[in-house]
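Asker: Handing you a structure now.
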């Protein structure tokens with residue numbers, strides 16, 4: 001009986017390790033490659049972002065079509081807020097200071113799971129380049 005418990009624990013540890021390694025490879029493959037001289041920028045698909053909480057969401061988000069654009073919320077409450085509060089559908093590009101529409105922006109994740117919205121991949125690269133030189 002002890003041997004079965006030990007084998008079950010070892011099997012669970014192996015499965016967990018494989019899952020973690022697979023997740024790391026998956027998320028690294030989502031990064032936009034900048035070229036050999038530049039670091040990768042972790043772009044996030046809009047469907048993986050709750051655009052109210054401005055966080056990467058690992059569950060399926062709810063798409064909301066507003067004025068021909070698709071936004072995403074993680075729950076019915078966030079969907080309702082996206083529909084009623086137009087300000088939540090916009091963000092400030094940290095590189096340029098310009099207002100961007102979250103549905104049309106280049107979205108980049110931070111290490112803490114929050115996201116930043118940029119006008120374009122170029123402004124995201126400019127922002128990251130400036131941060132690296134600080």
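Just so it is clear, none of the values below were taken in a lab; they were calculated from the coordinates. All values derive from a computational prediction rather than experimental measurement. Neighbour counts are summed over all protein chains in view; Cβ atoms, including those assigned to glycine, are modelled from backbone coordinates with ideal geometry.
Asker: Can you pull out the residues in region 78-122 that are assigned to a strand (DSSP E or B), surrounded by fewer than 19 Cβ atoms within 10 Å (Cβ to Cβ) and free of Cβ contacts under 8 Å to residues at least 40 places away in the same chain? Write out each step before concluding.
Answerer: At the first step, the residues of region 78-122 found to be assigned to a strand (DSSP E or B) are 90-92, 99-101, 106-109, 114-118.
Subsequent filtering for residues that are surrounded by fewer than 19 Cβ atoms within 10 Å (Cβ to Cβ) retains 90, 92, 99, 101, 114.
Matches in region 78-122: 90, 92, 99, 101.
Asker: Among all residue pairs at least 6 apart or on different chains, which show Cβ distances below 6 Å where the first residue, located in region 123-134, is free of Cβ contacts under 8 Å to residues at least 40 places away in the same chain and the second is in a helix (DSSP H, G or I)?
Answerer: Once the first residue is free of Cβ contacts under 8 Å to residues at least 40 places away in the same chain and sits in region 123-134, no partner that is in a helix (DSSP H, G or I) comes close enough.
Asker: Just name the residue that is farthest from the chain's Cα centre (by Cα) out of those in region 46-68 that are in contact (Cβ under 8 Å) with a residue 40 or more places away in the chain and not in a strand (DSSP E or B).
Answerer: Quick first cut of region 46-68, residues in contact (Cβ under 8 Å) with a residue 40 or more places away in the chain only: 46, 49, 51, 54-56.
With the extra rule that they be not in a strand (DSSP E or B), the set shrinks to 46, 51, 54.
Values: 46: 7, 51: 10, 54: 9 Å.
Only one residue fits best here, namely 51.
Asker: Here are the criteria: (1) in a strand (DSSP E or B); (2) more than 18 Å from the chain's Cα centre (by Cα). Tell me which single one residue 71 does not satisfy.
Answerer: Single failed check for residue 71: (2).
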